[in-house]
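The values are calculated or read from the model by the stated rules, or taken from the named source; none is laboratory data. Small disclaimer: the values here were computed from a predicted structure and weren't measured. Here the Cβ positions follow ideal geometry from the backbone for every residue, glycine too, while neighbour counts run over all protein chains shown. Accessible surface areas use protein heavy atoms only, side chains included; no ligands, DNA or RNA. Shrake-Rupley method; radii C 1.70, N 1.55, O 1.52, S 1.80 Å.
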Amino acid sequence: MGNMKKWLALVSGLLFFGVVNSQSSDPKMKLFIDALMKKMTLEEKIGQLNLPGSGDIVTGQASNSDIAKKIKEGQVGGLFNIKGVEKIRDVQKVAVEQTRLKIPLLFGMDVIHGYQTTFPIPLGLSCTWNMEAVEQSARIAATEASADGICWTFSPMVDIARDPRWGRIAEGSGEDAYLGSAVAKAMVRGYQGNDLSKDNTIMACVKHYALYGAAEAGRDYNTTDMSRIRMFNEYLPPFQAAVDAGAGSVMASFNEVDGIPATGNKFLMTDVLRKQWGFKGFVVTDYTGINEMIDHGMGDLQQASALALKAGIHMDMVGEGFLTTLKKSLQEGKVTQKQIDDACRLILEAKYKLGLFQDPYRYCNIERSKTDIYTAANIKKAREIATESFVLLKNQGGLLPLKKTGTIALVGPLADTKENMPGTWSVATDLSKAITVRQGLQNASGNNVKIVYAKGANLDADSNYEKRATMFGRSLNRDKRTDAELLNEALAAASQADVIVAALGEASEMSGESSSRTNLEIPQIQKDLLAALVKTGKPVVLVLFTGRPLALAWEQQHVPAILNVWFGGSEAGNAIADVLFGDVNPSGKLTTTFPQNIGQVPIFYSHKNTGRPLQEGKWFEKFRSNYLDVSNDPLYPFGFGLSYTTFSHSDVLLSSPSLRGNQVLTASVTVTNTGKTDGKEVVQLYIRDLVGSVARPVKELKGFQKIELKAGESKTVSFKITPQDLKFYNYDLKYDWEPGEFQVMIGGNSRDVKMSKINWVK
Ligand code: BGC
């Protein structure tokens with residue numbers, strides 16, 4: 001029997017669509033849920049699949065809310081984005097005291113970059129290339145959220161995104177599947193720990209499955225249509241990594257994938273997720289995802305709901321399609337009892353794994369909510385991690401770090417606004433406690449530096465645009481003065497200063513959901529301000545806020561120093577000061593390519609070669625793959641980021657130039673800190689498969705190590721490479737490697753690498 005099982009597991013692992021048992025293997029849990037489900041009516045089972053909006057709940061009066069009526073009738077499986085442990089406790093009480101079967105509710109929230117202690121937006125967090133830090137941020141988020149009633153987070157968001165027009169690029173880890181997979185695993189580990197039933201771990205929900213980041217034209221919710229090879233090699237790996245790391249749930253994406261909305265897409269939800277990857281948790285729709293299938297042209301709500309259930313969706317967020325139509329569909333033979341039972345079982349299993357049946361108030365410890373949230377230790381970590389997420393894009397003549405003497409003119413609409421600091425999707429943050437750049441500089445410099453502040457410009461000249469770009473309480477308090485008055489004040493401040501720090505860029509709600517842009521530049525009014533500041537002849541440091549790669553060709557040409565700070569979370573202002581004054585040496589590296597202009601988009605480092613690639617050293621040749629007006633190069637490549645020191649990388653040393661079968665190759669370089677400051681370097685390994693049965697990318701990240709080097713110090717960094725690292729999905733979607741020649745490249749970014757060649761035979 002044992003051997004038979006092993007065999008089955010092996011076969012299912014080997015076959016592309018092998019059959020994997022989707023029921024959990026915990027016999028105690030099975031017994032418990034079997035017994036519970038025997039008692040449940042059809043309506044109660046369907047009720048478990050319902051995740052309504054949280055409506056009108058008021059602490060102390062939860063029992064009288066509209067939602068409470070539904071809960072009492074057994075029509076609710078969980079709620080989300082309710083903040084506050086007392087409120088949540090009240091609602092849980094309704095579920096466990098006033099329903100027939102006393103089944104506790106799940107309480108979810110978008111805890112995507114911290115809870116009250118807010119960390120950098122995920123795109124920034126990925127630029128740390130520090131998986132320990134990523135995991136720690138998720139661990140702290142889970143500790144705080146679980147102390148405030150939350151047991152389920154809609155994170156990590158692992159959508160690969162290569163189109164900076166798409167605002168939600170801010171919520172993920174950038175363009176690369178390998179790095180994205182590492183981040184996905186670290187986040188899941190951080191949230192879930194190794195025991196979901198502990199009171200300080202929460203269930204992860206990997207989203208948005210799938211290909212949401214490949215929306216056509218970067219317009220949110222838009223269609224995707226993609227080859228299976230690209231899908232499996234470049235977009236799905238982070239989802240699979242999160243599933244392998246044990247993520248308890250998955251969220252379906254809004255978009256259509258190859259003609260069928262993800263929410264109703266059986267290929268994605270069942271064939272790949274469950275059968276191929278062996279996912280055992282439940283799948284929730286995104287917000288009204290089922291209802292939106294009506295507009296996608298998939299039929300009415302009943303049809304869409306049946307399609308979703310049959311595809312492999314188990315919980316319906318907000319739209320109540322399941323709640324209102326599944327019974328009818330069952331009676332009409334459009335869905336089966338088994339499909340409803342399977343979905344219900346998975347929701348109950350999640351509650352069981354979270355320990356909610358043992359103690360429905362496990363995550364409602366009022367004491368913990370007072371001691372575990374926004375602690376001094378958490379705040380310190382947030383500051384530390386934020387400094388590591390910043391990317392130094394330019395530092396001409398060593399303008400940075402700044403000295404803690406003299407006068408700084410601090411200018412810009414983003415210099416003194418708390419609301420703008422934490423970043424998009426910081427649902428539980430306390431805006432009143434966020435540290436601004438102005439505050440941060442003041443904290444760091446005490447009385448030694450004079451800081452003269454001027455707003456200099458509004459976010460955008462168009463007040464309506466500014467309104468759209470600063471929703472959800474993130475107003476920048478638009479200044480009523482004229483553009484000229486604001487500019488004059490800034491120039492007066494600049495005239496007194498030794499150095500100008502310009503805090504410019506995007507407002508935090510210019511990225512995130514439904515915040516796509518067709519222009520990737522800093523808003524023109526701010527660019528005008530920047531140009532005027534540069535024209536003064538004083539040294540200018542651009543502190544750039546953004547949730548996406550921007551087109552910064554002018555800035556790169558004219559501004560001596562550029563520090564990209566994304567949105568750094570609650571401690572952003574202090575962290576920015578730490579880096580500007582050199583108390584921390586920046587070490588972030590880009591995880592998305594920055595284009596020269598929007599016309600180059602999509603531009604990413606792991607592209608294919610074409611049959612007419614440009615010759616090395618040329619930027620235009622007729623009848624080659626290029627543009628008339630601009631070179632193919634990005635402005636800043638993937639993996640790029642400067643430091644206050646410099647590093648040199650030696651040639652790549654290989655343990656052997658030719659390998660066979662499962663041998664292990666060691667590739668090493670010696671990295672030296674050639675400057676005068678201690679610093680950290682991210683050493684990156686890329687591989688190119690020179691000949692394949694399908695065209696292969698010009699390079700793919702296959703390893704990285706972040707090392708610390710004292711001034712003058714050298715370290716040897718080694719990567720172990722096995723055939724596992726050479727595998728890819730071929731035309732038949734078989735995951736394997738092919739023998740032949742490979743380039744092994746190592747460097748400090750994806751452009752500047754040293755290369756060596758190997759031959760690997762089977
Ligand atoms: C977003 C999800 C989010 C959900 C719940 C949706 O609009 O697409 O990412 O988890 O809302 O807040």
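For Gln663, the shell of other residues with beta-carbons less than 12 Å away shows a net charge of +3, using +1 for Lys and Arg and -1 for Asp and Glu. Label-to-label distance for Asn477 and Ser25 is 5.9 nm, based on points extended 7 Å past Cα in the beta-carbon direction.
Across region 623-711, what fraction of all alpha-carbon pairs, as a whole percent, falls in each successive 5 Å bin from zero upward? Taking every Cα pair in region 623-711, the percentages come to 3, 10, 14, 18, 18, 14, 11, 9, 4, 1.
Using only Cα positions of region 336-383, each an equal point scatterer, no hydration layer, compute I(q)/I(0) via Debye at q = 0.21, 0.25 Å⁻¹ and quote the log10 values to two decimals. Relative scattering, expressed as log10 I(q)/I(0), comes to -0.78, -0.87.
Measuring nothing but how far apart in sequence close Cα pairs (under 8 Å, 6+ apart) lie, relative to its length, the chain scores a relative contact order of 13 percent.
At a threshold of 8 angstrom on Cα-Cα distance, excluding pairs fewer than six apart, so keeping six or more, what relative contact order does region 443-580 reach in percent? After rounding, I find 26 percent. Once both axes come from the Cα atoms, what is the angle between helix 131-146 and the longest principal axis of the chain, in degrees from 0 to 90, rounded to 10? Computed tilt is about 50 degrees.
Label sites at Lys727 and Met37, each approximated as a point 7 angstrom past Cα along Cα to Cβ, lie 3.2 nm apart. Legend: translational diffusion of the chain by Stokes-Einstein, Rh = Kirkwood radius over C-alpha pairs, 25 °C, 0.890 mPa s; D = 90 µm²/s. As a fraction of the 1.4 Å probe accessible area of region 647-761, surface on carbon and sulfur atoms comes out at 48 percent. Descending by average beta-carbon neighbour count within 10 Å, the peptides 499-507, 329-337 line up as 499-507, 329-337, the highest first. If R0 is 22 Å, the Cβ-Cβ spacing of Glu621 and Asn597 corresponds to a FRET efficiency of close to 0.60. In whole percents, the pair-distance distribution calculated for region 40-105 from its alpha-carbon pairs, binned every 5 Å from zero, is 3, 21, 34, 27, 11, 3, 1.
Carbon-plus-sulfur accessible fraction, region 376-596 (probe radius 1.4 Å, protein heavy atoms only): 49%. Please give me the summed charge of the neighbours of Asn443: other residues whose Cβ is under 12 Å from its Cβ, Lys and Arg +1, Asp and Glu -1. Here the charged neighbours net out to 0. On the accessible surface of region 40-105, probed at 1.4 Å, how many percent belong to carbon and sulfur atoms? Taking all protein chains in place, region 40-105 shows 43 percent carbon and sulfur surface. If R0 is taken as 22 Å, the Cβ-Cβ distance between Lys403 and Asn443 corresponds to a FRET efficiency of 0.85. Under conditions of 4 °C and 1.567 mPa s, region 688-730 yields 98 µm² s⁻¹ as its translational diffusion coefficient, taking Rh as the Kirkwood radius over Cα pairs in the Stokes-Einstein equation. Projected onto their three principal axes, the Cα atoms of region 228-271 cover extents of 30, 23, 17 Å, largest first. Reported to the nearest whole Å, the Cα centre-to-centre distance from region 637-669 to region 111-128 is 29. The Kirkwood radius of region 647-761, taken over pairs of alpha-carbon atoms, gives through the Stokes-Einstein law at 20 °C and 1.002 mPa s a diffusion coefficient of 144 µm² s⁻¹. Run a plain Debye calculation on region 13-145 (Cα atoms as equal point scatterers, no solvent) and give log10 I(q)/I(0) at q = 0.15, 0.17, 0.20 Å⁻¹, rounded to two decimals, same order as the q list. Calculated log10 I(q)/I(0) at the listed q: -0.91, -0.98, -1.06. Hey, what angle do you get for helix 321-331 against the long axis of the chain, alpha-carbon based, 0 to 90 degrees rounded to 10? Approximately 30 degrees, to the nearest 10. Ignoring ligands, DNA and RNA, what accessible area per residue does the chain give at 1.4 Å, in Å²? Accessible surface, normalised per residue, equals 38 Å².
Overall shape of region 477-626 was characterised from the C-alpha gyration tensor. The equivalent ellipsoid obtained from it has semi-axes of 32, 19, 18 Å, in decreasing order. I need the Debye-formula profile for region 376-596: one equal scatterer per C-alpha, no solvent, reported as log10 I(q)/I(0) at q = 0.12 1/Å, two decimals. Per q value, in the given order, log10 I(q)/I(0) is -0.56.
In region 424-466, inverting the average of 1/r over every pair of distinct C-alpha atoms gives 13.4 Å as the Kirkwood radius. First select every other residue whose beta carbon is under 14 angstrom from the beta carbon of Tyr374; then total the charges, Lys and Arg +1, Asp and Glu -1. Neighbour charge sum, excluding Tyr374 itself: +2. Under the simplified labelling scheme, the Asp678-Asp295 pair shows an inter-label distance of 5.4 nm, with each label point 7 Å from Cα along Cα→Cβ. Would you please state which residues of region 256-271 a label at Arg219 would reach in this model, taking the label point 7 Å out along Cα→Cβ and a backbone N cut-off of under 15 Å? In region 256-271, the label zone of Arg219 (backbone N under 15 Å from the point 7 Å along Cα→Cβ) covers 256. Peptides 163-169, 474-480, 438-444, 608-614, ordered by how many other C-beta atoms sit within 10 Å of their residues on average, highest first, read 163-169, 438-444, 474-480, 608-614.
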